Amino acid sequence: MEFEMMNIDALLTMVDETQTRVTRGVNKVLKESGEPLKSEIEQNINVSDVDHTHAKTDVQMTNVKSENNGLNKYIEVGYGRATGWRMYFVEYGTYSRFKNEGGAKGVRPQHIIQKSTESQKSNVLKIQKEGLIRILNLRGTGGD
């Protein structure tokens, strides 16, 4: 990239445009990288419908969130409000202190989100790496 002498206003405009392009690109890449995880969670849910809303149709992805003055960006993928409260018990299990007395047994934890996250980790990271390379226009320049 060559730099030409120009006035400071034009240079600041170019920097602002670059910052905007990178910010929008990072947000898009984060959303793209959340899709495989969302699909994996939906595929791994094996819970029958007890209420009117099935957990498979209630897996949601948040908008991009940020912490530390925008330095750390992330999205969250998981169950929505309609099913999240009961999928908590499926995810982490329940305990029954009465099972030794012949009472109801607890629910075995299924760790659906944890297993899905572990299985899709490399795919998510690959999507993020390729997206960031695309944003920074490093493809083909030897910068990997």
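The values are calculated or read from the model by the stated rules, or taken from the named source; none is laboratory data. Fair warning: this is a prediction, and the values are worked out from it, not measured in the lab. For accessibility, only protein heavy atoms count, side chains too; no ligands or nucleic acids. Shrake-Rupley method; radii C 1.70, N 1.55, O 1.52, S 1.80 Å.
To the nearest 10 square angstrom, how much accessible area does residue 18 have with a 1.4 angstrom probe?
Roll a 1.4 Å probe over it and residue 18 shows about 60 Å².
Quick one: order 87, 14, 61 from most to least accessible surface, probe 1.4 Å. Can you show the working numbers first?
On the way: 87 0, 14 95, 61 40 Å².
Order by accessible area, largest first: 14, 61, 87.
At a Cα cut-off below 20 Å, give the lysines reachable from residue 73, other chains included and same-chain residues fewer than 8 away excluded.
Filter leaves 28, 31, 38, 65, 121, 126, 129.
List the residues whose amide H sits under 5 Å from the amide H of residue 79, counting only those 5 or more places along or on another chain, with H placed 1.01 Å from N in the peptide plane.
Answer set, sorted by chain and number: 60.
Put 95, 74 in order of accessible area, largest first, 1.4 Å probe: what do you get? Intermediate results must be reported in sequence, preceding the final value.
Numbers: 95 190, 74 70 Å².
I get 95, 74, largest accessible area first.
Show 40, 91 ordered by accessible area, largest first, where the area counts protein heavy atoms only and the probe is 1.4 Å.
Working: 40 35, 91 10 Å².
Listed by decreasing accessible area, they come as 40, 91.
Using protein chains only and a probe of 1.4 angstrom, how many square angstrom of residue 58 are accessible, to the nearest 10?
Ignoring ligands and nucleic acids, residue 58 comes out at about 10 Å².
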